[in-house]
Amino acid sequence: MVTQAGQSVKFETSDGLSIEGVLHLPESTPCAGIVICHPHPQYGGAMHDSVVMSVCKAALDIGIAALRFNFRGVGGSEGSYDEGKGEQRDVAAALEQLRGVAEVGESRVGLAGYSFGAAMALRAVDQGVRALIAVSTPTTMANIESADVSCPTLFVAGGEDEFCDAGDLRRLASDTAGEAEVVIVPGVDHFWSSGERELRAAVGAFLEKHLK
């Protein structure tokens, strides 16, 4: 699905763990870049997830670099699942890694996450992130009552998502300090098996407007 060959990378968290990732660069650089966080490690989530790859492709298609990575304890990443606490360190380390890529402008970095990854992105976003994408935020499972986000944010979910309540998502969006957009795709569940084209379109349009 992702046409540009990825480059394997390793980077270290603030608590000393080695995290594995894959960096995809578009054909033309310098460019903006985005970090993408995968779904729940304890339910098979990893950086090769199809929704993660769809977000990757949406970025690359418009000339934006993408860094996907495995949370601690997944694949070749050191450590073990830390109930969302250490995983926020992983996100911070991935952002630092991407900001250090010569082809990516340090001030042109975005952050995205799917499901558990969306919850981690919302909690780990820092002031340097220019755009945030939360795909299928699990509002019915994770304790996400507010988001300290000042950059433009896209909340996107399926209309049949059993783990993401559209009303909760709109309330979450209304509480963010920055510009927030909510996109609900009819007929699509949490796993996007029938809606990845619509997801790529929504993500691509948002990134084109706010990051590229």
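General observations
- Axial C-alpha extent at least 15 Å, average Kyte-Doolittle at least 1.0 - helices from the chain (DSSP): 50-61
- Counting Lys and Arg as +1 and Asp and Glu as -1 over every other residue whose Cβ lies under 11 Å from the Cβ of Ser50, the net charge comes to -1.
- Over 28 Å (Cα to Cα) - which of Lys10/Lys57; Lys85/Lys209; Lys85/Lys212 fall in this group: Lys85/Lys209; Lys85/Lys212
- Here the alpha carbons of the chain define both size measures, Rg and Dmax, at 15.3, 43 Å.
- Relative protection proxy for 85-92, 31-38, from highest mean packing down: 31-38, 85-92 (other beta-carbon atoms within 10 angstrom).
- Extension reserve of the Glu12-Ala92 stretch, reckoned as 0.36 nm per residue once the Cα distance is removed: 27.8 nm
- Positive-end residue of Ala142, Val35, Gly73, charge dipole of the chain with Cβ unit charges: Val35
- Summed side-chain charge close to Pro30 - residues other than Pro30 whose Cβ falls under 15 Å, Lys, Arg +1, Asp, Glu -1: +1
- Share, in percent, of DSSP beta bridges within the chain that are antiparallel, nearest 5: 30
Since every read-out is calculated from the coordinates, none of them should be taken as a lab result. Bear in mind the structure is a predicted one, so any value in this text is a computation, not a measurement. Note that we place each Cβ from the backbone using ideal geometry, even for glycine, and neighbour counts take in every protein chain shown.
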